[in-house]
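Take a look at the structure set out below.
The values are calculated or read from the model by the stated rules, or taken from the named source; none is laboratory data. Just so it is clear, the model here is predicted, and its values are computed rather than measured. Every residue, glycine as well, gets a Cβ built from its backbone with ideal geometry; the counts of neighbours run over all protein chains shown. Heavy atoms of the whole protein, side chains included, go into the accessibility calculation; ligands, DNA and RNA do not. Shrake-Rupley method; radii C 1.70, N 1.55, O 1.52, S 1.80 Å.
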Amino acid sequence: MNWTSPAEFFAMGGYGQYVWGSVAVTLVALCSEWLLLRQRRKVALSQVKRKLILREEGSR
């Protein structure tokens, strides 16, 4: 497709609402997944550290 103006590009031939809405939902889902994975990683690392500390204390 060839667009002659930015307004035509964002309108997407009358389907812009659906196209850009889908893009927005996808970006929100990806960002949420990234943030949740980051949080789960922090929790997992802290659990591993805690287990290592307990193991070291138990071997003394």
Note to self: For the stretch 4-15, check the following and say yes or no: at least one residue is on the phi > 0 side of the Ramachandran plot and in contact with a helix residue (DSSP H, G or I) (Cβ under 8 Å, 6 or more places away or on another chain).
What the structure shows: yes
Note to self: List pairs: first residue in the stretch 20-37 and free of Cβ contacts under 8 Å to residues at least 12 places away in the same chain, second residue outside any helix (DSSP H, G or I) and basic (Lys, Arg) anywhere in the structure, Cβ distance under 7 angstrom, at least six positions apart or on different chains.
What the structure shows: none
Check: Of the residues Gly58, Gly21, which is open to solvent by less than 100 Å² (accessible area, probe 1.4 Å) and either aromatic (Phe, Trp, Tyr) or under 26 Å from the mean Cα position of the chain (by Cα) (or both)?
Finding: Gly21
Notebook entry, point to check: Are any residues in the stretch 1-16 assigned to a helix (DSSP H, G or I) and surrounded by fewer than 11 Cβ atoms within 10 Å (Cβ to Cβ), and if so, which ones?
Noted result: Pro6, Ala7, Gly13, Gly14
